[in-house]
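**Q** My questions all concern the structure below.
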């Protein structure tokens, strides 16, 4: 399918139009529609599938917000925009967009209040156990390793993973992400936004002066030309399901399951590139290691050579990134019986299924090394070193918090993490803080805006759960407003 832009003079007849045309009806697209409608624009959303939601509706639902939100205060946590800024600067990667981090941290409380005005409910309850997400409807959790090394030494820790309150939770089908999207989609349509489903964006339309003035889309087997009087907002997700782009830009993810939806095909990114758009951080990705964080935090995580690699009390996604990017997705968790029982006990009150069973169990590290196929003596040395310091209540090698440090005693259980990672892309179009797509000279492309995973957002090689829904909705709203004002 071609992505070459079509000149407006080549359009024989416009099949419809709006002041602002939004491509994609996930979290960024819904926020863009609300933002544009609030500025008085006539808004039309084009959605590839038969309903709203995108990847956001299937997500666990964290929205990364801080600086002193109502939920944070109600749960007894003090937070400031400055602390949030310092954490994000340290955690989001070496090439993170400083301007976006600054405005995101400074206006995070205001964005939380906006979500509440859109009807998104949050329960003021803190979930304090290690997990990927709360099993219930608690509205606040540490979701980025803020209270773990090295970030706890960089900025005062505060939990910033906010979860919309859900009913009849069904993980992967109807959780907090679904509840977030339900209220945003409702608000968008109550604001006057029109939606055209089963309509796939194909390419941009550009006027004689170079301004983006519409889109070509495919609907009911025919190409349609949709005019945009003020601007187009691209919010169609990343390129996790474009095998060629992944192989070229993020080969670490090639052949691995994608934590996204298949509509994340990179087409919107390529179409914008066809009109001169610049891109950033196409190499960046997030990765999840599929095991229980309660097991990891109570044991040690070692690589395919049996060497310990990270402090296990950090954000579980950071462990996944470490294993994927530095250790070829080769790793194991080693836990003793006491740790495994404690992890199982964490799950019982919530009705969650028990944690997985270890692949190997044994008293002798040498025998486990043979089963794991790691060099002789490595696991034994790691256990001896860890236990020597743990007996004194600290971890000088990887700085796990003392609350989680204790000697591991046989029998040991080994959980095989090899190949158990999936991920999604973080890079995309380069935009300014108002969503304007920038060209290779750093100048805005007239009439073209973008948000969400279609762009290079706040995360650039680092991550915290909630950043995608957080910056997608935050910058999506700003992009919609800017497009309406154009």
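The values are calculated or read from the model by the stated rules, or taken from the named source; none is laboratory data. These numbers come from a predicted model, not from an experiment. Note that we place each Cβ from the backbone using ideal geometry, even for glycine, and neighbour counts take in every protein chain shown.
**Q** Go through region 352-364 and report how many residues are farther than 23 Å from residue 313 by Cα and outside any strand (DSSP E or B).
**A** Final tally of qualifying residues: 2.
**Q** Regarding residue 319, is this residue free of Cβ contacts under 8 Å to residues at least 40 places away in the same chain and crowded, with 24+ Cβ neighbours inside 10 Å?
**A** yes
**Q** Whether any residue in region 139-147 is crowded, with 22+ Cβ neighbours inside 10 Å, in a strand (DSSP E or B) and touching a residue at least 60 places away in the same chain (Cβ under 8 Å) is what I want to check.
**A** Among the residues of region 139-147, at least one is crowded, with 22+ Cβ neighbours inside 10 Å, in a strand (DSSP E or B) and touching a residue at least 60 places away in the same chain (Cβ under 8 Å), which makes the answer yes.
**Q** Then there is this: Name every residue in region 322-338 that is part of a helix (DSSP H, G or I) and surrounded by fewer than 24 Cβ atoms within 10 Å (Cβ to Cβ), in order of residue number.
**A** Of everything in region 322-338, those that are part of a helix (DSSP H, G or I) and surrounded by fewer than 24 Cβ atoms within 10 Å (Cβ to Cβ) turn out to be 322, 324, 325, 326, 327, 337, 338.
**Q** Return the total of residues in region 152-176 being under 25 Å from residue 76 (Cα atoms), under 19 Å from the mean Cα position of the chain (by Cα) and not in a loop (DSSP other than H, G, I, E, B).
**A** Number satisfying all stated conditions: 4.
**Q** Within region 426-464, restricting attention to residues that are at positive phi and surrounded by fewer than 21 Cβ atoms within 10 Å (Cβ to Cβ), which residue is nearest to the chain's Cα centre (by Cα)?
**A** 461
**Q** Let me ask something else about it. Identify, from the list 373, 416, the residue that is exposed (fewer than 15 other Cβ atoms within 10 Å of the Cβ), at pLDDT 95 or above and more than 27 Å from residue 146 (Cβ to Cβ).
**A** 373
**Q** In region 195-258, which strands (runs of 3 or more DSSP E) lie fully inside it and hold 1 or more residues that are under 27 Å from the mean Cα position of the chain (by Cα) and touching a residue at least 40 places away in the same chain (Cβ under 8 Å)?
**A** Ranges flagged: 199-206, 222-234.
**Q** Continuing with this model, one more query. Restricting to region 271-307, name every residue that is more than 19 Å from residue 408 (Cα to Cα) and assigned to a strand (DSSP E or B).
**A** Within region 271-307, 277, 279, 280, 285, 286, 287, 288, 289 qualify.
**Q** With in the same structural domain as residue 379 (by TED's automatic domain parsing) and surrounded by fewer than 24 Cβ atoms within 10 Å (Cβ to Cβ) as the only criterion, which of 312, 307 stands out?
**A** None of the other options fit; the residue is 307.
**Q** Can you name the residue in region 85-108 that is part of a loop (DSSP other than H, G, I, E, B) and under 28 Å from residue 181 (Cβ atoms) and is also farthest from the chain's Cα centre (by Cα) among such residues?
**A** Applying the filter and picking the extreme gives 107.
**Q** Before we move on, is residue 477 part of a helix (DSSP H, G or I), closer than 25 Å to residue 92 by Cβ and at pLDDT 95 or above?
**A** yes
**Q** Now for a different question. So in region 69-84, with the set limited to residues that are assigned to a helix (DSSP H, G or I) and crowded, with 21+ Cβ neighbours inside 10 Å, which one is nearest to the chain's Cα centre (by Cα)?
**A** My answer is 84.
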